[in-house]
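Heads up, the thing below is written out as structure tokens.
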Amino acid sequence: LNAVEGGKLTDAANLQHLRVARGEWHLHQELVGDAYVQAGVLLNKSSIKGDVHVASNAVYGGYGNARHVTVEGSLVANTVHGSPIIKGNLTLAEGATYSYGVTPEEFADPVFVEGTAKLEGADFAVYGAPGDYADTISKAVLYAKEIEGEFDKVTTNLAFMTPTLQYEKRQVDLTFRRNEVKVESVATSESALGIAREI
């Protein structure tokens, strides 16, 4: 698949193997073989019976299931396209990113791994929609039969919230907490500063 505009796969006959080279593609039918996401985005909303390999500049997400998943780029769980289900093992290579989406009203479901989740020093990034968040929110972001290793950097795009992770044998939990950053400290104009001081 190599088209800037991307598209949907719903009724391709005898779909056995898949390679994404460019664009955002939504998989709505079973794939019996492997998927290789060389670049672009693959959102799995069905079932991949084989393995998925995600290259360093590529993205994999969606609520569908796959066998073993190896990620060098980004694994995405969000409230729009859902969270991946992995029937085998998940390997997040060093330099990979688990991107986890939140809104003030809803946090993404956790990624489920029926085998071992190998974190191997990957990063964890919380991408939040702007809004009024509770002072402290806790949520499981990963379940696995066994978890090996920990994430390296834990970051967020929201200036006023700080994410931290807690590790157990079979799950990783996110605590999202309001920090001490003052609203006026990120104002970019005099009018914005005036508004911030009134909050």
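The values are calculated or read from the model by the stated rules, or taken from the named source; none is laboratory data. Treat the numbers as computed from the prediction; the structure is a model and nothing was measured. Every residue, glycine as well, gets a Cβ built from its backbone with ideal geometry; the counts of neighbours run over all protein chains shown. SASA here: full protein model, heavy atoms, side chains in, ligands and nucleic acids out. Shrake-Rupley method; radii C 1.70, N 1.55, O 1.52, S 1.80 Å.
Does residue 132 satisfy the condition of being charged (D, E, K, R), surrounded by fewer than 18 Cβ atoms within 10 Å (Cβ to Cβ), in contact with a strand residue (DSSP E or B) (Cβ under 8 Å, 6 or more places away or on another chain) and assigned to a loop (DSSP other than H, G, I, E, B)?
Considered against the rule, which asks whether it is charged (D, E, K, R), surrounded by fewer than 18 Cβ atoms within 10 Å (Cβ to Cβ), in contact with a strand residue (DSSP E or B) (Cβ under 8 Å, 6 or more places away or on another chain) and assigned to a loop (DSSP other than H, G, I, E, B), residue 132 comes out as no.
Mind listing whichever residues of region 29-77 are over 23 Å from residue 95 (Cα atoms) and among the small types (Gly, Ala, Ser)?
33, 46, 47, 50, 64
Taking the condition surrounded by 15 or more Cβ atoms within 10 Å (Cβ to Cβ), free of Cβ contacts under 8 Å to residues at least 60 places away in the same chain and of a type in the set (Lys, Arg), does residue 118 pass?
Answer is yes for this residue.
Being modelled with pLDDT of 95 or more, open to solvent by 50 Å² or more (accessible area, probe 1.4 Å) and more than 18 Å from residue 76 (Cα to Cα) narrows it down to one residue among 180, 148, 184; which is it?
Going through 180, 148, 184 in turn, the sole match is 148.
Taking region 161-173, which residues are farther than 16 Å from residue 78 by Cβ and touching a residue at least 24 places away in the same chain (Cβ under 8 Å)?
Hits for region 161-173 are 161, 165, 170, 171, 172, 173.
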